[in-house]
1. Taking the condition more than 30 Å from residue 74 (Cβ to Cβ), at pLDDT 90 or above and surrounded by 14 or more Cβ atoms within 10 Å (Cβ to Cβ), does residue 222 pass?
2. Based on this model, can you work out whether residue 268 counts as touching a Gly at 6+ places or on another chain (Cβ under 6 Å) and either loosely packed, with under 12 Cβ neighbours inside 10 Å or at pLDDT 90 or above (or both)?
3. Can you pull out every residue in segment 45-93 that is charged (D, E, K, R) and open to solvent by less than 50 Å² (accessible area, probe 1.4 Å)?
4. Filter segment 226-252 down to the residues that are of a type outside the set (D, E, K, R) and in contact with a helix residue (DSSP H, G or I) (Cβ under 6 Å, 6 or more places away or on another chain), then identify the one that is nearest to residue 172 (Cα to Cα).
5. Residue 138 fails exactly one of the following numbered conditions: (1) of a type outside the set (A, V, I, L, M); (2) out of contact with any strand residue (DSSP E or B) (no Cβ under 7 Å at 6 or more places or on another chain); (3) open to solvent by 60 Å² or more (accessible area, probe 1.4 Å). What is the number of that condition?
6. Considering only segment 11-25, state which residues are open to solvent by less than 40 Å² (accessible area, probe 1.4 Å) and among the aliphatic types (A, V, I, L, M).
7. In segment 151-176, which residues are among the β-branched types (Val, Ile, Thr) and either open to solvent by 80 Å² or more (accessible area, probe 1.4 Å) or not in a helix (DSSP H, G or I) (or both)?
Amino acid sequence: MSDSENTAESAGVLPEPAREIAAGYAVSGASLDLGALLWDGTCLPNARIRIPLAMLNRHGLVAGATGTGKTRTLQLIAEQLSAGGVPVFLADIKGDVSGIAAPGAPGDRVAERAGQVGQVWEAEGFPSEFYALGGIGPGIPLRATVTSFGPVLLSKVLELNQTQEQSLGLIFHYADSKGLELTDLKDLRAVVAFLVSDTGKAELKGIGGLSTATAGVILRSVTAFEQQGAGDFFGEPEFETAELLRRAPDGRGLVSVLEPAAVQDKPGSSPPS
């Protein structure tokens, strides 16, 4: 970059290509401020990078190598959404964003970075609630009943083949037709065990020809699934999605942080088929 270009930038005049990029991010109204354009290794604070809040109903991808700031970018987005009154749900896989609940600590690096992108940094915590799947790990337990989880999703988790998936659907249909609430995996195992028993075999013929062998495979899969710790997720009270769409008393959006690190290796192996 020439000395004349450096002088122009210091005066607030952007190079022509940088002006074109900045124009693409020029928005009016409520928006997320993600920082400034990085041009030839230098941040240009006059070229703001903003995303309209109205665009946040679309899919997005934050990509980059390790250490490039992906997590911090996501936290920045979550903080601004919360400040704008928008509830946020975060799956904190590695426990990196839990600090969103407490004000950060000022420092020279923070002040330097804020100056580079033309922002005024102030330490601030955001209203947060922490959740844990099935109560495994710290946080409010998140649970669902087997009935609401449904046969399709449960088949995916159990890695059932197409025939076994269809058979599981018939089992759910049988439970529904008999008014049987499948609250946890014990309830599901009890229904399947009944259907493969001498007493329940006659019921199999009335729900679409479910074979005893297939029902036995499903029963073994559910049992193995429960032994791997999955049973903690199923039960009551069942969480309501409305709980994740709340605002704090001050009008900011509540940040719901799910910490699945304690269950990321459960189940540890595929159930038997």
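1. Working: more than 30 Å from residue 74 (Cβ to Cβ): yes; at pLDDT 90 or above: yes; surrounded by 14 or more Cβ atoms within 10 Å (Cβ to Cβ): yes.
Yes; evaluated as a whole, the condition is true for this residue.
2. Details: touching a Gly at 6+ places or on another chain (Cβ under 6 Å): no; either loosely packed, with under 12 Cβ neighbours inside 10 Å or at pLDDT 90 or above (or both): yes.
So residue 268 does not fit the description; no.
3. Within segment 45-93, 48, 79, 92 qualify.
4. Going through segment 226-252, the residues of a type outside the set (D, E, K, R) turn out to be 227-231, 233-235, 237, 239, 241-242, 244-245, 248-249, 251.
Now drop any that are not in contact with a helix residue (DSSP H, G or I) (Cβ under 6 Å, 6 or more places away or on another chain), which leaves 231, 234.
Numbers: 231: 18, 234: 15 Å.
Here the residue is 234.
5. All conditions are met except number (2).
6. Hits for segment 11-25 are 14, 18, 22.
7. First pass over segment 151-176, keeping only residues among the β-branched types (Val, Ile, Thr): 152, 157, 163, 171.
Result: 152, 163.
Residue-wise test of (1) acidic (Asp, Glu); (2) touching a residue at least 24 places away in the same chain (Cβ under 8 Å); (3) at negative phi.
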| residue | (1), (2), (3) |
| --- | --- |
| 138 | no, yes, yes |
| 164 | no, yes, yes |
| 168 | no, yes, yes |
| 182 | no, yes, yes |
| 200 | no, no, yes |
| 236 | yes, yes, yes |
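The values are calculated or read from the model by the stated rules, or taken from the named source; none is laboratory data. On a predicted model such as this, the values are computed, not experimentally measured, just so you know. Every residue, glycine among them, receives a Cβ derived from its backbone with ideal geometry; neighbour counts consider all protein chains shown. Note: areas computed on protein heavy atoms with side chains; ligands, DNA, RNA excluded. Shrake-Rupley method; radii C 1.70, N 1.55, O 1.52, S 1.80 Å.
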